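K.L.:
This is the structure I want to talk about, given as structure tokens.
The values are calculated or read from the model by the stated rules, or taken from the named source; none is laboratory data. The structure presented is a predicted model; accordingly, all values stated were derived computationally and were not measured. Methodologically, a virtual Cβ is constructed for each residue, glycine included, from the backbone with ideal geometry; neighbour enumeration extends over all protein chains shown.
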Amino acid sequence: MDILNATVRRVSDVLGRIAMVFMAILMFGVTADVAARAIYGQSVPGLFEMSELSMVMVVFLGLGWTLRDDAHIRVTMLTDRLAPRPRRLAGSLAWLCAALVFLLLAWPSTQEAAYSFSIREFRWGVVQIPIWWTKIALAAGLWFAAVQAVVKAVLVATDRDLPETHPAPAEY
């Protein structure tokens, strides 16, 4: 299980770094677009379309980091009151439910990605930009999230879910 968990961590790091590259493209692109509109009175052609694709990449490739760090929105009011064993079981069940949801999203996304790739789908706009590759990345991100959620469920159930090493927040 430790090898699988380490592999999942490495893959989430790679996907997270790719998401960061797309975040940088998004930030610099929007900045360039604002500057172009202020200076020339018109947008950069194709930047709107590229921004849309970048958002997809940031969300679905960055999902691994969110799951790994427990950075998603959650309400723990009930589980915090449980004894350690029932809390682990409830947490594990919640992760298995999350994995199921990811699988339910991943399957049709994979079918759509395969179709999109087969027709080399692109987005109409000022500039024609292929979008099939983002649909493949979206499906891959969902499949990875499902695997990651199952690994997390097992780690939580066996009380081997160690928190990430982050600096402690400053006290105010």
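K.L.:
With respect to residue 92, determine if the residue is touching a Leu at 6+ places or on another chain (Cβ under 8 Å) and not aromatic (Phe, Trp, Tyr).
P.N.:
Details: touching a Leu at 6+ places or on another chain (Cβ under 8 Å): no; not aromatic (Phe, Trp, Tyr): yes.
No.
K.L.:
Of (1) in a loop (DSSP other than H, G, I, E, B); (2) at pLDDT 90 or above, residue 33 satisfies all except one. Which?
P.N.:
In the conditions (1) in a loop (DSSP other than H, G, I, E, B); (2) at pLDDT 90 or above, residue 33 misses (1) alone.
K.L.:
Scan segment 36-72 for residues that are modelled with pLDDT of 90 or more, under 28 Å from the mean Cα position of the chain (by Cα) and basic (Lys, Arg) and jot them down.
P.N.:
none
K.L.:
All but one of (1) part of a loop (DSSP other than H, G, I, E, B); (2) of a type in the set (Val, Ile, Thr); (3) surrounded by 16 or more Cβ atoms within 10 Å (Cβ to Cβ) hold for residue 25; state the number of the condition that does not hold.
P.N.:
(1)
K.L.:
Just checking, which of 67, 47, 61 is touching a Gly at 6+ places or on another chain (Cβ under 9 Å) and within 30 Å of residue 154 (Cβ to Cβ)? It would help to see each step written out before you state the result.
P.N.:
Values: 67 fails: touching a Gly at 6+ places or on another chain (Cβ under 9 Å); 47 fails: within 30 Å of residue 154 (Cβ to Cβ).
After ruling out the rest, the residue left standing is 61.
K.L.:
Collect the residues in segment 44-66 that are within 22 Å of residue 32 (Cα to Cα) and among the small types (Gly, Ala, Ser), keeping them in residue-number order.
P.N.:
Scanning segment 44-66 gives 46, 51, 54.
K.L.:
Determine, yes or no, whether residue 132 is out of contact with any Asp or Glu (no Cβ under 7 Å at 6 or more places or on another chain), modelled with pLDDT of 90 or more, among the aromatic types (Phe, Trp, Tyr) and surrounded by 14 or more Cβ atoms within 10 Å (Cβ to Cβ). Spell out how you get there, then give the answer.
P.N.:
Values: out of contact with any Asp or Glu (no Cβ under 7 Å at 6 or more places or on another chain): no; modelled with pLDDT of 90 or more: yes; among the aromatic types (Phe, Trp, Tyr): yes; surrounded by 14 or more Cβ atoms within 10 Å (Cβ to Cβ): yes.
Answer is no for this residue.
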